[in-house]
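I have placed the structure first, in the form of structure tokens, so that the comments after it can refer back to it.
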Amino acid sequence: MKIWLRRIHLGLALISGLFLLIVSLTGAVLIYAKDIQHFIQPDKWQVTPQEKTLSNQKLIEYVQSHTQQKINFFMPEADKTLAWQFRLANRHYVSVNPYSGQVLHSYESSDTLYGFTLGLHRWLLFEDSDGNKPFKNWMSVCALMLLVNVILGFYIWVKPKNRVKRLTIKPKAKFRVLMYQLHTVLGVYFFIPLILIAFTGMAFNWKTQTQSVLEFMTFNKVQSRPSAPKISLPLQGVANYNEAIKNAQGTFPNAQLYRVYLPKKTNDALALRVKNPGESHAYSWVWANPFTGEVLDSFDASETNFTTQAWNFKYKFHIGGFAGPIVQFLWLLIALSLAFFIISGFYFWAKRHKWI
């Protein structure tokens, strides 16, 4: 039985190893990718703080005039030294100085270190002519194999006696023994985080399946936000984004503004995505009439049930962005440990077959 479990453990690693190695290294980079971008290209992402930013209305007009494109959404920054990012209708982005309206950089997501690494991490950068990303499913399959393999590895460790004694590392041991000890000890210590990171990784693509697992385990349902309301277009209406955004923010005065979505169609409402106190990420919404400024509806995700809160926590947990720089660094080590497991596992297999 133990021999077969080891063979399955090794077989899953060999099948998914190359892709998990990519996931490991790109996941490690993603933790600090935006910080690296800001450091190596400050002229594209950073600005000199001033007393006051331009009004939202003026920024929207400046960007649309400069790019000759409609804006889908933009992302204000709480950090006054950072430029704001605008997503255009042609799927390009522009980095904008919010104090002057100057466009600092025009780019596609994959042109940046963060966007390139994210694309490699989640769908191997491949996208067909219709915009589909077929390798997303394969990366989710690899994450599932990782989850199963972590459980198998833990079982292989826990089944024999003297399991606690085997949680020791002897630095002076032979290289093969030392590698095996590190493989075992790190696997046990990172057992729970690796399972949850693999599961949350699958949740970005296999939403229905992973949500069903969570609902089964918590005996409750994930609450969905309401559909965005529609508006009646005035006969002679000019959008007043300043008023609409101001009134929408007043609905949750203590919330942090994350994104502002401009109407794509004439009867679409303006939408604000915000992070309320008690939320791990911005999952609360406010909708307003862009012509009259009237608030049409809102959704406070901080008041949802435990299952919904746990579901919404998946993003912050996956990236280690929920408890400051110490946890981020721990997540870096966990991400790199996956590469170590793959490399050391291949080493054991090659050694056993006398390849090395």
Checklist entry - Relative to the longest principal Cα axis of the chain, at what angle does helix 113-123 sit, 0 to 90 degrees, rounded to 10? => result 60 degrees
Checklist outcome for this item: One finds, for Gln209 and Leu14 with R0 = 25 angstrom and r their Cβ-Cβ distance, a FRET efficiency to the nearest 0.05 of 0.50
Checklist entry - With every protein chain present, what is the per residue accessible area of the stretch 287-356 (1.4 Å probe, Å²)? => result 51 Å²
Next on the checklist: Quick query: amide H of Ala269 versus all other amide H atoms, modeled in the peptide plane; which residues come in under 5 Å with a sequence gap of 5 or more or a different chain?
Outcome noted: Ile231
Checklist entry - In degrees from 0 to 90, rounded to the nearest 10, what is the angle of the helix 175-189 Cα long axis to the longest principal axis of the chain? => result 50 degrees
Checklist outcome for this item: Whole-Hz Karplus couplings 3J(HN,Hα) for the stretch 217-232, θ = phi - 60° and coefficients 6.51, -1.76, 1.60, Gly and Pro as x, run 6, 9, 6, 7, 10, 6, 7, 8, 6, x, 5, 5, x, 9, 10, 9
Checklist entry - Sequence-distant or interchain residues sharing an amide H contact under 5 Å with Asn240, placed H: which? => result Phe291
Checklist entry - How far apart, in nm, are two points set 7 Å out from the Cα along the Cα-to-Cβ line at Lys70 and at Arg166? => result 6.2 nm
Checklist entry - How many percent of the accessible area of the stretch 286-356 is carbon or sulfur, using a 1.4 Å probe? => result 66 percent
Item to check | Placed amide H near Ala83: partners under 5 Å, 5+ positions off or other chain | outcome: Gln46, Val47
Next on the checklist: Quick check: Cα centre of the stretch 325-339 to Cα centre of the stretch 1-77, how many Å?
Outcome noted: 17 Å
Checklist entry - Heavy-atom accessible area per residue, the stretch 44-116, 1.4 Å probe: how many Å²? => result 53 Å²
Checklist entry - What list of ³J(HN,Hα) values in whole Hz, one per residue of the stretch 195-203 in order, does the Karplus curve 6.51 cos²θ - 1.76 cosθ + 1.60 (θ = phi - 60°) give from phi, with Gly and Pro shown as x? => result 4, 5, 5, 5, 5, 5, x, 5, 5
Item to check | Read-out percent of Cα pairs over 32 Å apart, derived from the coordinates shown; its label in (i) 43; (ii) 54; (iii) 35 | outcome: (i)
Item to check | Degrees, to the nearest 10: 241-251 long Cα axis against longest axis of the chain | outcome: 60 degrees
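The values are calculated or read from the model by the stated rules, or taken from the named source; none is laboratory data. Please read all numbers here as calculations on a predicted model, not as lab measurements. As a convention, Cβ positions derive from the backbone with ideal geometry for all residues, glycine included, and neighbour counts pool all protein chains shown. Surface areas here come from the heavy atoms of the whole protein model, side chains and all, with no ligands, DNA or RNA. Shrake-Rupley method; radii C 1.70, N 1.55, O 1.52, S 1.80 Å.
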